[in-house]
Structures are given as structure tokens and as C-alpha cells.
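Take a look at the structure below.
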């Protein structure tokens, strides 16, 4: 299935940027169906509202119904598992025969998660501990496609047990324990412009598997910005065969946070992938008319 998406508009970037500070992981839901108006907006965005990452075919599908999502999560417990009563689920699909499909999935998926957040829904990135085969059967996958990650969508259940349940998961993953900015960046003997600092701050709060934050941004003298996966996590084996390489998928999420933030500030540019499975993963190039912003 061919999916057509365009370049990120500034209006869209502003919406995603504003959602960054409101996004948080929720695993326990009321089961209430998505309101019709917000559902329609979400479906439209999933179909053609997001910016594709170069070099990989990805798409996203919305599955609905507590019974449906329950089948996909049934039987799995552990970190980022045991989702309860979600009325809908965003399924993130990539063709694993393409290069860069890990990063592309994170880049695409976070746009969808943030847009859902902007509409008032609660979400949660799930890259393991779900049944990708079950999701694939319901979707109808094409040759080479795999469901790499999902996110429940709905409204958080707010009661004593749910709050305790969410708190235990947050404690177990040290959510909120973010690395300092100097730990996730490297400056090539230069003071970067302020827009880079804003983008870096958005990267700092990007979600990642077990909150490992396996990335580093490198600001070059000529204005290029490289995204590297930290060696300790770059080649980490998946939790189970067929599970996504979490470090590269997480870097895709972080790259989206950077792009949405600087685009919201009026800066134009794009991520260009480096060689497949190389490090750095990708380099961000400013549009020619914005090169004067390099200080």
C-alpha cells in the first residue's frame, strides 16, 4: 500500500511541539469510544498528515474496540505492557526490507502520538510485549511489512488503583530521570544558535525504551546536526525475535522532536539518513535560505 505524505507544515509543527509537554504514558483506560469529531481528525492525520522519513516505506492504521485491543495485549506483562481497556490503537507498520525502517517508524509514529495528544487523547508507546502477529492479521500486511510498535489511544482511567498501577510502571522505568543537555549533545568548538538549544530541549524529553535516551546530537561548525545512537545501545539485541531495535526506533522519535520544534520556530530543514546501520544515523541540513541562521 502506497502512502502519500507531504513535508511538515509549520502549522502542524506548532501543534506537535505544543503537544510534547503534555504527552505522557497511560496504560489504564476508561474504554470510552473516541468522540466522532476528534476521531475523524485523527484518522485524517494518520492517512496523510505526517511527514515521511526518507528511505523507508511506513504506514499507520487505527484499530478500534476494547475487545480488539485486548486481543493484541492479552497475555503480556512487564514494562510498557498490560494495557487495559483501550478503545483504540495506533499500529505503526514498516517494510523491513527497506533501509532505515527502524528510525522511520519512530519518526512517523511520534507524529501520530503527538497529534493524538493534541486532540486530548492519552497514549503510550509500546515497542514490545504485544502481539504483532495478531495486529497484522487484523490489518492485512503486505510482503515485507511488520507491525513494529503500537500506541493505545483513549482517555485515562482515574481511580486509586489505576493511579497506583501507573505509578508502579513509572517507578520501574525511572520516568522523569532525564539526562542533562550536555550528556545528549556535543558542540564542535562553537556556541550554537538558540533554536538549536530549543530543539535539544525537546529531544531531552522524548520518550525512549526504559527511558535509556540512547542518542546524542552533534552540532558542527558548518551548521550540520548529526544524530548518533550511543554505542552501548546501538546494536542491542531485541527482547524477542522480530522485536524492533529499540535504540534506533527511539532515535527516530528524538529526531522528530527536534524537527517539529525547530520547524515550529520557523526553521526549515530535513533529516538525511547516513549509510544503513551506520553511526551517525542521520544528519539534519538547513534549507539554503536558512543557512544565515548558523552562528
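Computed from the coordinates by the stated procedures, all read-outs in this text should not be read as laboratory data. This structure is a prediction, so every number in the text was calculated from the model and none was measured. With ideal geometry, Cβ positions are generated from the backbone for all residues, glycine too; neighbour counts draw on all protein chains shown.
You can think of it this way: the chain between residue 275 and residue 74 has 68.6 nm of extra reach, that is 0.36 nm per residue less the Cα-Cα gap. The packing ranking of peptides 218-228, 98-108, highest mean first, is 98-108, 218-228, where packing means the average number of other beta carbon atoms within 10 angstrom of each residue.
In nanometres, what is the gap between the two model label sites at residue 265 and residue 221, each 7 Å from Cα along Cα-to-Cβ? Here the answer is 2.2 nm between the modelled labels. Each of the peptides 255-261, 187-193 was scored by the mean count of other Cβ atoms within 10 Å over its residues; in descending order, highest first, they stand as 255-261, 187-193. Extending 7 Å from the Cα toward the beta-carbon at both residue 40 and residue 205 defines two label points whose distance is 3.2 nm. Within the P(r) computed for the stretch 10-173, what percentage of the Cα pairs occupies the region above 25 Å? In whole percent, the long-distance tail amounts to 27.
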